[in-house]
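S.K.: Quick one: the structure is below, questions incoming.
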Amino acid sequence: QGVIVTLSLEGKKLELVGAFEQGILDAAWSHDGNNNTGNLDHSILALVVTQDDEDDDENDNNNDTPQQQHVMLLTMTQDFQVLQEVVLETIPAADDDSTNNKQQSLLFCPENVSLCWRPDGKWLAVLLPSLQQQMMVVRIWDPLSLSTTQPNLGRTEDGSGKLLPQLGYMVTKDDDSNDVATAPRVRKALAWANETCSLLLACSQHVVTAKKTTTKIVLMEPNGLQHGGFSLPKTKTRQVLVQMAWALPPDNFNLLALHVRQHQTNPDGSHQILQDKVQVWHRSNYHWYLKQEFIHDGTTAILTQLQWDTPSASNSHHPTPPRQVLTALLQNGTRWYYEMGWNETVVPSQTNTAMVVDGTVLKCTPLGRTLVPPPMAAATVDLPHVVRHVALVPTTALQKQQQQQDGVVALVQMSTQALVVLGKPPSPSSKGRYKPPVILSALEPSVLRFHNFVVTGVESLVSGLRIDFVAVETTESISQPQHLLELSLSLTAEEEEEDQSQFTSSKLECTASIPIPQDDDERGRVLAMTQWQSPVSNSSTDIAAPKKPVSVLVELDNGALYQYTSNAEDANSGTLQRFLCEGMMDTLLEPCPWIVGVERQRPQHDNGGGEENDFADDETEQIVIGMSWQKRLYCGDVLLADSITSFYVSDRFLCYATTATTTTATTSAVARGAASGASQLKFIALSQLFSLDPFMGASDENNA
């Protein structure tokens with residue numbers, strides 16, 4: 001309605017500042033203290049308002065005469081003093097006989113106008129209808145002088161100079177089919193990228209054709225041209241983009257979060273919210289991947305605000321961790337925090353199939369046969385919903401399934417909390433063409449809420465399969481104690497079914513719940529969880545069997561290491577104990593969200609009798625390799641490199657990629673080669689890491 005009020009949080013008082021009679025179309029504050037505009041060290045308020053033409057004296061004297069209106073852009077200080085104002089569009093007077101003028105005035109409603117500040121507050125972008133172009137346009141303004149740098153942004157990337165059509169979501173005030181008063185609309189159709197991203201703006205595009213309606217996100221470069229984009233996944237019900245938010249620096253991931261709302265129209269004409277979705281998209285190699293989707297029920301958890309937290313406020317353990325935390329504010333006052341991290345998914349087999357998540361598609365490439373860079377892939381697996389998590393079957397379980405045509409390869413969790421079991425494809429054709437994993441079973445969503453799980457074993461039954469896995473409980477509040485859940489998934493097939501991939505029933509049950517240890521001064525939350533890997537021994541081509549019973553390495557958010565051990569005889573007696581390893585602390589020097597645990601049987605040296613490389617039957621030795629938020633690579637207590645991009649542990653080697661500024665903090669020969677000043681791919685034999693002395697470092701004979 002155009003009223004501006006201030007709220008005193010201390011006194012809980014409202015104070016009227018002023019009002020615009022024709023209403024406010026949109027308003028946005030710049031970031032406080034980060035705008036660097038002139039001598040101002042405070043936020044600037046930008047408003048788009050509609051005002052009558054007050055310079056026409058004749059119209060002032062005769063109220064019955066229609067007046068032309070101006071769509072104005074204003075900037076104000078924190079004291080609401082007007083800095084500058086400029087006319088964006090002039091709406092002609094709507095005569096009774098002029099239908100066109102009426103339609104023009106109806107275009108300027110809050111649903112069609114969006115303001116967006118650059119993160120540093122130096123520039124302001126405005127999306128609104130253009131009467132001259134007869135379409136939605138994007139313009140950029142200097143907030144101090146309100147001078148525009150380019151007339152219109154968002155031109156096609158073919159070089160023709162044409163403006164992109166159907167930007168935003170153009171509606172009219174009296175459009176009964178859209179029902180502006182109740183239908184959910186785009187609240188912020190613009191989002192400005194941070195300075196670490198080469199793109200300028202993200203803008204929604206609502207493409208309407210005779211057959212379908214598609215919501216797209218188009219990206220714009222600083223020169224105003226389009227630079228690719230992507231479409232939202234198709235749904236059975238209507239959906240609309242509500243908000244976009246770029247990740248804040250330091251952002252090495254090019255992340256863009258979307259708030260997407262699904263709704264339906266009731267028989268009485270009202271709109272019912274079905275679901276609110278939080279989608280996280282990632283750009284790599286000129287392609288946008290849908291990496292995560294979190295669903296909130298529209299009846300009990302309506303999403304109202306989506307924003308990225310500043311790195312300094314995301315974790316109390318480290319003042320400035322380079323991590324990304326997304327906050328979702330719900331209408332009931334609760335907040336959800338999503339902390340972003342990366343996990344690789346490579347099936348440890350002869351083909352070494354890599355799986356890349358892209359929305360409802362798993363892109364599979366056998367790295368042992370071919371190297372196809374994403375977004376291309378050798379084959380794809382289409383799933384019913386957006387993929388949230390992929391847990392691979394342990395290598396030992398894969399070996400036991402070598403003779404099975406439908407052995408389990410991975411367990412996939414959807415955004416709907418449903419599970420999908422992926423298995424080995426049928427025998428390859430005569431040409432030897434690669435075939436991706438196939439869907440063995442798709443389960444309905446479970447009442448159990450869990451995430452970040454690992455598969456501990458697969459057992460073939462007479463009439464089906466049983467998959468055991470350990471998961472982290474998803475709590476409703478961050479203050480609630482967290483538990484580890486030991487889950488068992490049973491798949492049953494009818495006896496007359498020859499094809500075991502056609503399972504007729506499934507059952508998911510929780511067999512054990514282990515509380516996460518809580519310290520006196522801080523909460524205990526699981527940061528990472530992984531299976532134990534076993535390197536290939538020199539005397540055998542088979543992967544060494546892991547220590548029995550099955551154990552899982554668990555890391556808390558303070559860097560403390562624990563080991564979860566199941567009991568094969570009693571499923572309800574799993575234990576979670578502090579990780580103890582000879583020559584290694586039970587807490588990492590700093591939290592590492594990316595960890596790998598490697599174990600092997602302890603070698604027994606020749607005492608004049610047996611062979612030199614004899615292995616003991618019971619004793620094993622273990623090491624933990626991890627990468628911190630600060631991109632430092634550790635092997636236990638030893639710092640290998642302090643600036644890497646990623647790492648991977650194969651059956652014999654640790655491989656990591658260094659950045660151009662990588663240096664070493666130790667004088668060990670293992671880490672010395674990373675300080676050459678150029679980006680490198682480094683390899684270290686796992687056998688040398690097992691013999692690494694944290695006090696003496698590695699010798700020249702043992703360096704990679």
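The values are calculated or read from the model by the stated rules, or taken from the named source; none is laboratory data. On a predicted model such as this, the values are computed, not experimentally measured, just so you know. With ideal geometry, Cβ positions are generated from the backbone for all residues, glycine too; neighbour counts draw on all protein chains shown. When the accessible area is computed, the model is the full protein with side chains, heavy atoms only, and any ligands, DNA or RNA have been set aside. Shrake-Rupley method; radii C 1.70, N 1.55, O 1.52, S 1.80 Å.
S.K.: Using only protein heavy atoms and a 1.4 Å probe, report how much of GLU619 is accessible, in Å² to the nearest 10.
M.R.: About 100 Å², ignoring ligands and nucleic acids.
S.K.: Points 7 angstrom from Cα along the Cβ direction at SER8 and ALA657: gap in nanometres?
M.R.: Simple spin-label model gives 5.6 nm for this pair.
S.K.: State which entries of LYS291/LYS363; LYS212/LYS234; LYS236/LYS277; LYS122/LYS162 exceed 18 angstrom in Cα-Cα distance in the structure shown. Don't jump to the answer; show the numbers that get you there.
M.R.: Working: LYS291/LYS363 12 Å; LYS212/LYS234 10 Å; LYS236/LYS277 15 Å; LYS122/LYS162 27 Å.
As for pairs spanning more than 18 Å Cα to Cα, those are LYS122/LYS162.
S.K.: Tell me, in nm to one decimal, what length is gained between THR156 and ILE302 on full extension, where the rule is 0.36 nm per residue of separation less the Cα-Cα distance?
M.R.: Details: separation 146, 0.36 × 146 = 52.56 nm, distance 3.57 nm.
Contour length minus the Cα-Cα distance gives 49.0 nm.
S.K.: Would you mind putting 269-279, 11-21 in packing order, based on average other-beta-carbon counts within 10 Å, highest first? Could you put the intermediate results ahead of the total?
M.R.: On the way: 269-279: 18.1, 11-21: 10.4.
Ranking, from highest mean packing down: 269-279, 11-21.
S.K.: Also, I was wondering about something else. For SER505, project a label point 7 Å along Cα to C-beta. Then give me every residue of the stretch 456-489 with its amide nitrogen under 18 Å of that point.
M.R.: Label zone hits: 461-467, 488-489.
S.K.: Would you please put 483-493, 461-471 in order of how densely packed they are, using the mean number of other Cβ atoms within 10 angstrom per residue and starting with the highest? Intermediate results must be reported in sequence, preceding the final value.
M.R.: Details: 483-493: 20.5, 461-471: 18.9.
Sorting 483-493, 461-471 by mean packing, highest first, produces 483-493, 461-471.
S.K.: Determine the sum of side-chain charges near LEU508: Lys and Arg each +1, Asp and Glu each -1, restricted to other residues whose C-beta is under 15 angstrom from that of LEU508. Don't jump to the answer; show the numbers that get you there.
M.R.: Values: positive: ARG449, ARG466, LYS507; negative: GLU444, ASP468, GLU473, GLU486, GLU509.
Net charge in that neighbourhood comes out at -2.
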